[in-house]
Amino acid sequence: MINKTKRTGLFLCALVLVSCTKTEKTSAVRKNIEDAVFASGYIEMEDEYIVSAKISGNILNIPIKEGEMLTENTLIATIESNVQTEQLKDAEAVYSQSKENASTSSPQLMQLQSQIDQAQHQLAQDRKNFQRYQELRAKNSISQLDFEKAQLQYQSSQNNLISLQKNYQDSKNALDLSRRRSAIGVNQQQDILKDYTIRSEGNGEVLNVFKKKGELVKQGESIAKIGRGEFKIKLYVSEDDIAKIKTGQKAAIHLNTYPDRDFMATVVKILPAFDETEQSYIVEAKFDKTPANVFSGTQLQANIETSKRKNVLVIPTSYISKGKFVTLENHEQRKIIVGSKDNEWTEIRSGISEKDILIKPKD
C-alpha cells in the first residue's frame, strides 16, 4: 500500500509539471467587430428643478413626501412670517389713512374747498360791484379813484380764487401720490409675504425633500427637488471619444439597479459645450423601451456603438505585451500596430498575418 501510494503521487506530480510547461498558442483570426465608446452617467427626469427658499426663517409646515405626485400650485412648505405679517398690517394701515386723506371728503380738502367756495362768493360780489362802478364812472357819477379801488378789489378776488384752486389741486395731487405710494408699499409687502408660502410650479413628482418641519432654512437653500416628464439618460464622454458620437447611435445601458441586464437606448442629443465640472462632454440618450422600474439619479455605464466592421483581423488581447509586441512560435518578438481593442480581443492592423503562430507571453 505504501509503495502504490508513492507511485501515484509521483505520477500526479509529473502531470502537473507537463501541464505547467505546456505553452499556449494561437493565431490571428477574422471577426466581425463592433466599435463602441464607453461612457458613465446617470438617469434623470426630462424636467427637474430645485425648489429653494427665497427668504430665511423656520419651516412651519412641509406637507410633501418623496414619491408624491403634485399638481400645479400645491403647497410645498410654509415659513414662519410673523414679522412680515405685522409689516403688512402697518403698510395697510398707512394705505388706509392715505386713501382717506386723498378722498374729497377728507378734512384737509374740505377745508380748502370751503375757502374756494367763500372766494367764489366774494368774487361774485366784487364783480357785480365793479360792473356797477364801471357804469357810474361812464356817467361820471363817481371819481376815478373810487372806480380804480373797485377794479383792484375785483382783480384781487380773481387772483385769490385762482390761488386757492391751485392750492387745492396741488394738495390733492400730493395726497393722491401718497395714496399711490402707500398702495405700492402694500403690494410689495404682499409679494414678500408670498415668498413665505412655497408652491409647486406645475405637475410633477417629489424626488427629494431636503428639509423638515421646524428646521431653519436660509435664503437660497434647497427645500425639495421636483421632476416631471420622461426619463432621460445623461452620459459623460471623454474628449478623445466625443468626435465619434452622433445622434441616432445605439447604446447598451447597464443600470446599477439591474445588474444582470442591459437596456438599449438611442443617442438623441450632444451638448455643444465642454462641462468643466465633470471634465467631459455630455450626451443625452433615451431608452428604446423604458425599464419597468426607473429611478432618477440611478448610476449607469454605457457602450455607445460607433461602427460595425466585417472581416477584421484580431488576436486575443492577452497575447500582446507592452501594448505593441507579440511573441512568435520561434520566440521572435515582433512589433505590431493595433486598432480598437477590449479586454478580450485586439484589432491587428499590421505586423502579423493569420499564418503566424503566436505564443502567450509569461505573466
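The values are calculated or read from the model by the stated rules, or taken from the named source; none is laboratory data. What you see is a predicted model; the values in this text were computed from it and never measured. Using ideal geometry, Cβ is built from the backbone for each residue, glycine included, and neighbour counts are taken over all protein chains shown. These area figures cover heavy atoms from the full protein model, side chains too; ligands, DNA and RNA do not enter into them. Shrake-Rupley method; radii C 1.70, N 1.55, O 1.52, S 1.80 Å.
Worth a mention:
- Put a plus charge on the Cβ of each Lys and Arg, a minus charge on the Cβ of each Asp and Glu, and nothing anywhere else: the dipole of the chain about its Cα centre is then about 1140 debye.
- Residue among Asn101, Leu88, Asn73 farthest towards the positive dipole end of segment 63-118, charges placed on Cβ: Asn101
- Span-like helix ranges in the chain, DSSP H, alpha carbon extent 15 angstrom or more, Kyte mean at least -0.5: 2-21
- Positive contributions from Lys and Arg (+1) and negative ones from Asp and Glu (-1), summed over other residues with Cβ under 11 Å from the Cβ of Asn73, come out at -1.
- What a 1.4 Å probe finds exposed on segment 172-279 is 47% carbon and sulfur by accessible area, rounded to a whole percent.
- Charge tally for Ala252 (other residues, Cβ to Cβ under 9 Å; Lys, Arg +1; Asp, Glu -1): -1.
- Extension gain, Val294 to Glu354, is 16.9 nm, computed as 0.36 nm per intervening residue step minus the present C-alpha separation.
- Accessible area per residue for segment 183-249, computed on protein heavy atoms with a 1.4 Å probe, is 57 Å².
- Helical contribution to [θ] at 222 nm, DSSP H n ≥ 4, -39,500 (n - 2.57), averaged over the chain, rounded to 500: -12500 deg cm²/dmol
- Segment 62-104, accessible surface, carbon-and-sulfur percent (1.4 angstrom probe): 49 percent
- Spacing of the two label points (7 Å from each Cα toward its C-beta) at Ile50 and Ile192, in nm: 2.6 nm
- On a per residue basis, segment 256-334 carries 61 Å² of accessible surface, using protein heavy atoms and a 1.4 Å probe.
- Label assignment, mean projected area of the Cα convex hull in nm² derived from the structure, set [x] 16.5; [y] 42.3; [z] 20.8: [y]
- Extension gain, Met69 to Asp260: 0.36 nm times the residue separation minus the Cα-Cα distance gives 65.7 nm.
- Across the chain, C-alpha contacts under 8 Å between residues 6 or more apart give a mean separation that, scaled by the residue count, equals a relative contact order of 29 percent.
- A Förster radius of 45 Å combined with the Cβ-Cβ distance from Gln87 to Gln111 puts the calculated FRET efficiency at roughly 0.85.
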